[in-house]
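**Q** One structure, pasted below without further comment.
The values are calculated or read from the model by the stated rules, or taken from the named source; none is laboratory data. Note that the coordinates shown come from a computational prediction; the quantities given were computed from them, not determined experimentally. So basically every Cβ, Gly included, is an ideal-geometry build from the backbone, and we count neighbours across all protein chains shown.
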């Protein structure tokens, strides 16, 4: 199979993790081969154990760093012609779908679209309160989603809420396949060295909440920071944020941002797992998440999650019972729910989350389900 996406960079999160976990899965099965086509700072080809990665030079997207555009039409066409994949998975909605459309003209290569970004919802996250220009732009985005859906044989949604939203928008052949988590790496046993981890990263003592992810406007981090001032005043709980992104500078310079602890993007996945296990609570404020892999990593680590009541994380918390939800876009309600949650038995909630992750989201089981979807598409 061939995976192509623009959502892949050196400091990106969920999609990168998903593709690398898929590569590990492929490497364990001699019947499978995977080709990755992703953007990069320069052209290069990397290969290991049944997985070949083409990085094609593309310009940075000014407001969405570290993402890059994929504009290499000829190179993509040559790669598809050379590799002759049985199936192509498109993982972004910018240029990649059209590169595949051009590259497969005259070839009988089926394609699926993994709907990693609910961009119409990002444009208007709360439609009831959105301005007319945002509602208009969101409607145009849904029209574009329907157009892309007609280019592929199936659209894969990582949560049921997004699957239903796609179907109601008129997208056909929608399939629900969730994401997974490395249960060995993200594990409550790391909590035994929580004090050492806090010292290593310069984190404060006492109750501590953590955000892990991209620092971007669509993540609602401004609301999280402003609301957390009240949480800290009432409970003493500090907030730490781990990640990089286009909104990092403005968030850090804000009045509320001055009280937070800021850590850079953590490339070492084992150190990231240590961070999850060293805190009391993980916060996932983004209401437009299609899944929210960081929240699942927290649950696997035995840490409960506070989330907005919309999006993929809300579905995970509702199904697992390992956290609490607040009204999306309401920092005051977020503060009230956070204060109440910090007064609960957080370790007990964490154990509930761990059981849920073990039962439903091991990567092998998730990828078995994904490849069954591929085989159904190939069978017509």
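**Q** Out of all the residues in region 35-50, is one or more surrounded by 19 or more Cβ atoms within 10 Å (Cβ to Cβ) and over 26 Å from residue 118 (Cα atoms)?
**A** Checked against the condition, which is being surrounded by 19 or more Cβ atoms within 10 Å (Cβ to Cβ) and over 26 Å from residue 118 (Cα atoms), region 35-50 yields no hits at all.
**Q** For region 241-252, check the following and say yes or no: at least one residue is touching a helix residue (DSSP H, G or I) at 6+ places or on another chain (Cβ under 8 Å), farther than 27 Å from residue 126 by Cβ and outside any loop (DSSP other than H, G, I, E, B).
**A** no
Residues are listed down the side, and each one gets a yes or a no for (1) crowded, with 17+ Cβ neighbours inside 10 Å; (2) at positive phi:
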position	(1), (2)
245	yes, yes
250	no, no
255	no, no
264	no, no
268	no, no
278	yes, no
281	yes, no
285	yes, no
289	yes, no
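**Q** Next question, about the same structure. Please enumerate the residues belonging to region 237-255 that are under 22 Å from the mean Cα position of the chain (by Cα) and touching a residue at least 60 places away in the same chain (Cβ under 8 Å).
**A** Of everything in region 237-255, those that are under 22 Å from the mean Cα position of the chain (by Cα) and touching a residue at least 60 places away in the same chain (Cβ under 8 Å) turn out to be 243, 244, 245, 246.
**Q** Quick check on my filter: what residues within region 60-79 are touching a helix residue (DSSP H, G or I) at 6+ places or on another chain (Cβ under 8 Å) and without any contact (Cβ under 8 Å) to a residue 40 or more places away in the chain?
**A** Scanning region 60-79 gives 72, 73, 77.
**Q** Quick check on this structure: which one of 284, 288, 260 is at pLDDT below 95, within 21 Å of residue 244 (Cα to Cα) and touching a helix residue (DSSP H, G or I) at 6+ places or on another chain (Cβ under 8 Å)?
**A** 288
**Q** So residue 121 ticks every box in (1) crowded, with 21+ Cβ neighbours inside 10 Å; (2) closer than 28 Å to residue 34 by Cα but one. Which box is left unticked?
**A** Exception for residue 121: condition (2).
Conditions (1) buried (at least 21 other Cβ atoms within 10 Å of the Cβ); (2) in contact with a strand residue (DSSP E or B) (Cβ under 8 Å, 6 or more places away or on another chain); (3) outside the structural domain of residue 266 (by TED's automatic domain parsing); (4) closer than 22 Å to residue 370 by Cβ, marked per residue:
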{"residue": "20", "(1), (2), (3), (4)": "no, no, yes, yes"}
{"residue": "70", "(1), (2), (3), (4)": "yes, yes, yes, no"}
{"residue": "74", "(1), (2), (3), (4)": "no, no, yes, no"}
{"residue": "105", "(1), (2), (3), (4)": "no, no, yes, no"}
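**Q** Which residue is farthest from residue 99 (Cα to Cα), if the candidates are limited to region 142-160 and must be buried (at least 18 other Cβ atoms within 10 Å of the Cβ) and out of contact with any strand residue (DSSP E or B) (no Cβ under 8 Å at 6 or more places or on another chain)?
**A** Per the stated criteria, the residue is 142.
**Q** Within region 215-236, track down each residue that is within 21 Å of the chain's Cα centre (by Cα) and assigned to a helix (DSSP H, G or I).
**A** Hits for region 215-236 are 217, 218, 219, 221, 222, 223, 224, 225.
**Q** Quick one: which residue in 57, 101, 82 is surrounded by fewer than 18 Cβ atoms within 10 Å (Cβ to Cβ), assigned by TED's automatic domain parsing to the domain that holds residue 156, without any contact (Cβ under 8 Å) to a residue 12 or more places away in the chain and more than 27 Å from residue 296 (Cβ to Cβ)?
**A** Exactly one residue qualifies, and that residue is 82.
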